[in-house]
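Beneath this line is the structure, given in structure tokens, with notes to follow.
Only the coordinates and a few stated rules stand behind these numbers; no lab work does. Small disclaimer: the values here were computed from a predicted structure and weren't measured. Cβ coordinates were reconstructed from backbone atoms using ideal geometry, including for glycine residues, and neighbour counts include every protein chain displayed.
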Amino acid sequence: MATKYLLVPEGKIAYDDAGSGPLVICVPSMGDLRQEFRFLAPELVTTGFRVITMDVRGHGESSTSWPDFSVAGVGSDILSLARHLDCGPAVIIGDSMAGGAAVWAAAESPALIGGLVLVDPFVRGEKQFLLSTLFSVLFSRPWGASMWVKYYASLYPTHKPADLPAYLTALKNNLSQPGRLEALQHMLAASKRASEERLLRVTQPALVLMGSEDPDFKNPEAEAAWVAGQINASYRMISGAGHYPHAEMPGNTAPLIISFLQKINQEMEYQNAA
């Protein structure tokens, strides 16, 4: 599949476009590639959705020089892509920080966003200075890319995909390119406040999915319940999964997402027919 690019005033966003039907935009976590959705996207296409997988700014094949790596910056790219595709409201599947960006986009432009699937989302605004300082050292050159993929592998606590070694090599090679590790550092340091401030403005149907063993959260279920309560959503725990349940346990995760998407599509069709 040939990579497509969306040019925006500050750079370019790389994305893949597959399938036909209601629009779903999949947005990966910071420090990852759009291939994060390599197991989920084909299932969605087969079920009858048009699936866009995008690289967030600074990552993958997207450009590296951006003035803003916050949830607002990534959220604005989501909206730009939805406007460019111009085929009706999109459902956003956002993982980790991209979940916060999806919240920002949904609050800022409800007409463009028809629903949200937030996977292990980071949406809170607090910023931990000591942790940010530690990350800035750990993920600096020349060792930063190696340290990141080591940390990344730890986020699959129960079932590591068979292709994970090859995927980690591709991820390390990408982060080793000029500007990409720096983009990751900027994204790690950026505040998530803009998403937390907009949670109560989200009115679209939403589903929160959380791995029960996600090491990024002290109490994963409590965090999932809190996020769901803020946006009047339901939440489901993926037992044994870490930070990437859609890649670690796609057989458990994909049916939940597909059922949610089909329900949204049915509601939209009913509203259009009324």
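General observations
- Full extension of the chain segment joining Ser109 with Glu267 gains 54.9 nm, where the gain is 0.36 nm per residue of separation less the Cα-Cα distance.
- With 10 Å bins from 0: P(r) over the chain, alpha-carbon pairs, percent: 7, 32, 40, 18, 2, 0
- Once the Cβ-Cβ distance of Trp143 and Lys218 is raised to the sixth power relative to R0 = 30 Å, the FRET efficiency obtained is 0.65.
- If both residues of a DSSP beta bridge must be in the chain, then about 30% of such bridges are antiparallel.
- Calculated FRET value between Arg124 and Thr169, using beta carbons and R₀ = 41 Å, to 0.05: 0.80
- Taking 0.36 nm per residue of sequence separation and removing the Cα-Cα distance, the Ser234/Thr46 pair yields an extension gain of 65.2 nm.
- Compactness relative to 2.2 N^0.38 Å, alpha carbon Rg of region 192-248: 1.14
- Whole-number D in µm² s⁻¹ for region 50-120, Kirkwood Cα-pair radius fed into Stokes-Einstein, 20 °C, 1.002 mPa s: 176 µm²/s
- Distance-filtered residues of region 198-216 - backbone nitrogen under 16 Å, label point 7 angstrom along Ser154 Cα→Cβ: 213-216
- Pairs of Cα atoms farther than 18 Å apart, region 105-262, %: 65 percent
- Normalised contact order of the chain, rounded percent, pairs of Cα under 8 Å and 6 or more residues apart: 19 percent
- Across region 55-182, the fraction of Cα-Cα pairs farther apart than 20 Å, rounded to a whole number, is 55%.
- Dipole of the chain computed with +1 at Lys/Arg Cβ and -1 at Asp/Glu Cβ about the Cα centre; of Ala145, Pro22, Leu256, farthest Cα towards the positive end is Ala145.
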